[in-house]
1. Remind me, relative contact order of region 78-147 in percent, using alpha carbon pairs under 8 angstrom and six or more residues apart?
2. So what is the calculated 222 nm ellipticity per residue for the chain, using -39500 (n - 2.57) for each DSSP H run with n of 4 or more, over all residues, to the nearest 500 deg cm²/dmol?
3. Which one of 51, 135, 63 has its Cα pushed farthest toward the positive end of the charge dipole of region 46-147, where Lys and Arg give +1 and Asp and Glu give -1 at the Cβ?
4. Using only Cα atoms, tell me the angle between helix 2-12 and the longest principal axis of the chain; keep it within 0 to 90° and round to the nearest 10.
5. Between region 27-43 and region 91-141, what's the alpha-carbon centroid distance in Å?
6. Which label belongs to the value computed from this structure, given these candidates for Cα extents along the principal axes in Å: (1) 47, 33, 24; (2) 66, 38, 36; (3) 42, 38, 34?
7. Taking the Cα centre of region 54-117 as origin and charging only Cβ (+1 Lys, Arg; -1 Asp, Glu), how large is the dipole, in debye to the nearest 20?
8. Sequence gap at least 6, Cα distance under 8 Å: using those rules, report the relative contact order of the chain to the nearest whole percent.
Amino acid sequence: MIARTLAVCAVALVSEACLADCTVNIQVGDSLSFDTTEIQIPTTCDTVTVNLAHTGSLPVQAMGHNWVLATDENWQAVAAAGAAAGFEGQFVPQDDDRVIAATKLVGGGESDSITFSTSDLDTDASYTFFCSFPGHWSVMMGSLEFI
């Protein structure tokens, strides 16, 4: 994969942005924690892909997790609004501009990915990621910043 990426970069004569790691892999299990609480994204990334993998065994209805990104100012309001969306809405408020990106809910053995543009994000700002499953967001959170 790296060799293919380098070949594409060389052919396209792209800047160092092509070499930047713009993919984040996050694991969650049958507990209330992500395997990281800090994500650093190079400012050269035009898009970011987050791969969320649930390594536990409990079903999504019992211990579902997702990955939601919002600004530091909005994340708690987005998390609270997610409850109204319910399980069918993935506990993420639909058509809410405060939601920057969100994966679907995953249960044990499942995974999901989301790719989002960084073009509208302020690289000097800090962002909060969290799991919006009810009762999870108050302890399952972390920060995303640009470096």
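1. Here the relative contact order equals 26 percent.
2. So the calculated ellipticity at 222 nm is -5000 deg cm²/dmol.
3. 63
4. Value to nearest ten degrees: 50.
5. 11 Å
6. Correct label, based on the coordinates given: (1).
7. Taking the Cα centre of region 54-117 as origin, the dipole is about 180 debye.
8. 29 percent
Bear in mind these aren't lab numbers, they're just calculated from the coordinates by the rules spelled out. For clarity, every value in this text was computed on a predicted model and none was experimentally measured. Every residue, glycine as well, gets a Cβ built from its backbone with ideal geometry; the counts of neighbours run over all protein chains shown.
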